[in-house]
Amino acid sequence: MSARIMISAGEASGDLHGGRLVAALKQLDPGAEIFGIGGDAMQSAGMSLYYHVSQLAYIGFIEVARHYFYFRRIFNHLLAEIEARKPDVLVLIDYPGFNLRLARAAKALGVRTFYYIAPQVWAWRPQRAAGMAGHIDEMAVLFDFEVPFFSRHGIRTHFVGHPLLEGLQPKHTTPEFCTLHRLDLERPVVALLPGSRIQEVRSLLPAMLQAAAVLRRRHPHLQFAVAQATTISGEILQECLADYPWVTVVHDETYDLLQAAAAALVASGTATLETACFAVPFALVYKVAPLSYAIGKRVVTIPYIGLVNVVAGKKIITEFIQQQVTEQNLSAELERLLFDPQLRKTLFHELQQVKSKLGEPGASLKTARLILQPAAGISKAD
């Protein structure tokens, strides 16, 4: 009997990794019923969507709180579907504010719960891990240091490596990419990655573009390109880009852009690890509503926001946070990243070290086997 699986992924990076997971589940169990919250990648792999990740793309305590009743309706709908369809397992991908509550409610209904891409409670609320043990049956984590952290709280935890390593292949060679987007192969390209949420793009991209303009005046040979996430419409980008006709927009070709880039400005999140995997010197930018930041600062227990610095265990990339996100700061940092040979050499080495700590490719298939082992009473682990 094939498995019946509900998956909840609430943002673009979750859809990216979820798409590979759904494909792996279908590979092991072609008849599996897979449904829930996801995006284009998960749908293309064979999952039926109740909601698209673009409908849940909010960041920050205050921003989410403003949409409380909207999220509550989605939550109640998913619970009703759990009761009606009785999935063998609920798989939760990242997105902890919503997914931890969903796991608790599903567990109360007797559903097995499996967390993939663990909540980073080690960063912002370590004591919460003990409470998670009551409603998370099993967990597949991306970083090896997470295994002892969650295991000591009674959660069965497996290190599977980072799924980014499975899909880092650009679609084109750099010459092909430059030709396609009318970029000069002989001139440096600066990549701007403003994030996958609307409010993130509106908050970060203007400062990125202003910094680009400053740098372009000083160094006219530089070229600039913005990576457009699949969750961001062209209209949203054009609002920001109206005064910057010299900036190239790259849609769904982030890896091609990173392969071609000499330096980058990157929104906090999974994109920082993606940039690290291409060994592109970059700076992190992070900006949310002031009250959201004030609340977050009170609960975060580690010294860094960026995953690259967390994985490295030290500061290797500069983090510009809140009021530090200015055209002056960003343009000055880009200048260093582009024109300081020793800094570029050091960062190249450090970023390669970060990539080496992400494990081996194959996270999706390993995770799919773990999910399917108890499901439908059959073993898929071999």
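Here, each number is a calculation from the coordinates, and none is a lab measurement. All values reported here derive from a predicted model rather than from experimental measurement. Heads up, the Cβs are rebuilt from the backbone with ideal geometry, glycines too, and the neighbour counts pull from every protein chain shown.
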Computed over the chain: longest principal axis from alpha-carbon atoms vs helix 68-85 long axis, angle to nearest 10 degrees, is 40
Just to be sure I understand the model, the point goes 7 Å from the Cα along the line to the Cβ. What's the resulting Q353 to R187 distance in nm? 3.6
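To the nearest 20 debye, what is the magnitude of the charge dipole of the chain about its Cα centre, counting +1 on the Cβ of each Lys and Arg and -1 on the Cβ of each Asp and Glu? Please list the in-between numbers first.
Working: 37 positive and 34 negative charges, 225 e Å.
The dipole magnitude comes to about 1080 debye.
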On a 0 to 90° scale, report how tilted helix 96-108 is relative to the longest principal axis of the chain, with both axes built from alpha carbons and the result rounded to the nearest 10. 0
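Would you please classify the overall shape of the range 75-171 from the alpha carbon gyration tensor, given that a ≥ b ≥ c denote the square roots of the eigenvalues, rounded means a/c under 1.5, and beyond that prolate means a/b larger than b/c while oblate covers the rest?
Values: a/c = 2.01, a/b = 1.27, b/c = 1.58.
Oblate, because a/c is 1.5 or more while a/b does not exceed b/c.
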Summed over the other residues with a beta carbon less than 11 angstrom from that of T254, with K and R at +1 and D and E at -1, the charge totals -3
Rounded to the nearest 500, the 222 nm mean residue ellipticity computed for the chain from DSSP H runs (n ≥ 4, each -39500 (n - 2.57)) alone is -14000 deg cm²/dmol
Note the angle between two axes, namely the Cα long axis of helix 341-356 and the longest principal axis of the Cα atoms of the chain, as a number of degrees from 0 to 90, rounded to the nearest 10. 10
Extended-chain gain in nm, criterion 0.36 nm per residue less alpha-carbon gap, R101 and F69: 10.1 nm
Within the chain, how many Lys pairs that are eight or more residues apart, or on different chains, come under 14 Å at the alpha-carbon? 6
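Which FRET efficiency, nearest 0.05, do S48 and D340 yield, Cβ-Cβ r, R0 41 Å?
Efficiency at R0 = 41 Å is approximately 0.20.
Using the Kirkwood formula over every pair of different C-alpha atoms, what hydrodynamic radius in Å results for the chain? Display every interim value, and only then the final one.
Working: mean 1/r = 0.0465 Å⁻¹.
After inverting the mean inverse Cα-Cα distance, the result is 21.5 Å.
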Contour minus end-to-end for D144 and S233, with contour as 0.36 nm per residue of separation and end-to-end as the Cα-Cα distance? 28.4 nm
Compute the longest continuous run of the chain that contains no exposed chymotrypsin sites (Phe, Trp or Tyr not before Pro); treat a site as exposed when its DSSP state is not H, G, I, E or B and it has at most 14 other Cβ atoms within 10 Å. 1-144
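Not counting the cut sites, what is the longest span of the chain without trypsin sites (Lys or Arg not before Pro) that DSSP labels loop and that have at most 13 other Cβ atoms within 10 Å?
1-151
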What residue among M47, M208, M132 has the largest mean-square fluctuation in a Gaussian network model of the chain, using Cα springs under 10 Å? M132
